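FYI, it's all coordinate maths here, none of it is from the lab. Since we're looking at a predicted model, the values are computed, not measured. Counting neighbours? That spans all protein chains shown, and the Cβs are built from the backbone with ideal geometry, glycine included.
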Amino acid sequence: MAVLKLGTRGSPLALTQANMVADALFAAHGVACEIHVIKTTGDRVQDRALAEIGGKALWTKELDRALLGGEIDIAVHSMKDVETIRPETIVIAAMLERADVRDRLVGADSLAAIREGGVVGSSSPRRRAQVLRARPDLSVVLFRGNVDTRLAKLAAGEADATLLAAAGLIRLGRDDVGTPVALDEMLPAPAQGAVGVECRADDAMTCGLLGAIDHTATSRAVRCERALLAALEATCHSPVAALATIDDDTVTLRAELFSEDGAEHVAADASGPDGEALARDLARALLDRAPPAVRAGFGG
């Protein structure tokens, strides 16, 4: 069987995740992968928030171009970085089993332990709103870059604390970094902790190969969370947190929407057998109840 050309970003975490996919494909089929590192705009521009310079497409457009141009056969992504609406010519064909969905706080044992008037580094509208909701006295400054870049900024004193995804730290062998934040305190970003693999929609052979490494419960949960984003018409500016869990045939979806400054928010949860229908219904319920400052972040 021919070698599959696997496209990925070049950060240490992206390469780790690419190798996880390559290992899974080899274990399932004996198929080898040739890893192609593709530099994305999101990697090159580090001094501005993603929402200011084009949103999540900055992580995917170069990989999309390489995939559709035949330079690569599959593309590996952190699912929380993948735009909600994808080209019809590309399909999310597999997701690996999800890792720890929580955030980890680095630099302090808890949000309450950060000094009064302290500084938290983050580029995430969700994390910013959640931090300010819990601690309105804090300020949030832009932190972008890979894990080591952000930890270096923290060590240099640019902030008192920062937040990182637990899944990324675990995959990098950095289990000792940071303190997990309870889900009741900070619900994660939709699709946090999930690794997805895309291929061309008309490439039936590759779709079939990827189907064998798809973790069904992860796919079902993440597709539910992405359906919520679509129904909310959320953008990169939208402070939204969500988590779907699967128990037998039942999907339970929890979600929270925030105003930009975290001062106002709305939360809800629901359960049912059809995750995507559930997500659409929950989105309507949240928006119906949301105060104007929250609604301003959604609907396009």
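Quick notes on this structure:
- Helical mean residue ellipticity (222 nm; -39500 (n - 2.57) per DSSP H run of 4+; nearest 500) of the chain: -10500 deg cm²/dmol
- Local electrostatic count, ASP248, Cβ distance below 15 Å [Lys/Arg +1, Asp/Glu -1]: -2
- The HN-Hα couplings worked out from phi for the stretch 197-210 by the Karplus form 6.51 cos²θ - 1.76 cosθ + 1.60 (θ = phi - 60°) are 10, 10, 8, 5, 4, 8, 9, 4, 5, 5, 4, x, 4, 5 Hz, whole numbers, x standing for Gly and Pro.
- Global form of the stretch 228-295, assessed from the alpha-carbon gyration tensor, a/c cut-off 1.5: prolate
- For LYS5, the residues whose modelled amide H falls within less than 5 Å of its own, excluding neighbours fewer than 5 places apart on the same chain, are GLU34, ASP73, ILE74.
- Given 15 as the ceiling on other Cβ atoms within 10 Å, longest exposed-site-free region of the chain for trypsin sites (Lys or Arg not before Pro) in DSSP loops: 116-300
- Note on the chain: GNM, Cα springs under 10 Å; of GLU185, GLU97, GLU260, the largest mean-square fluctuation is that of GLU185.
- Karplus-derived HN-Hα couplings along the stretch 96-101 (A = 6.51, B = -1.76, C = 1.60, θ = phi - 60°), whole Hz, x at Gly and Pro: 6, 4, 5, 9, 3, 7
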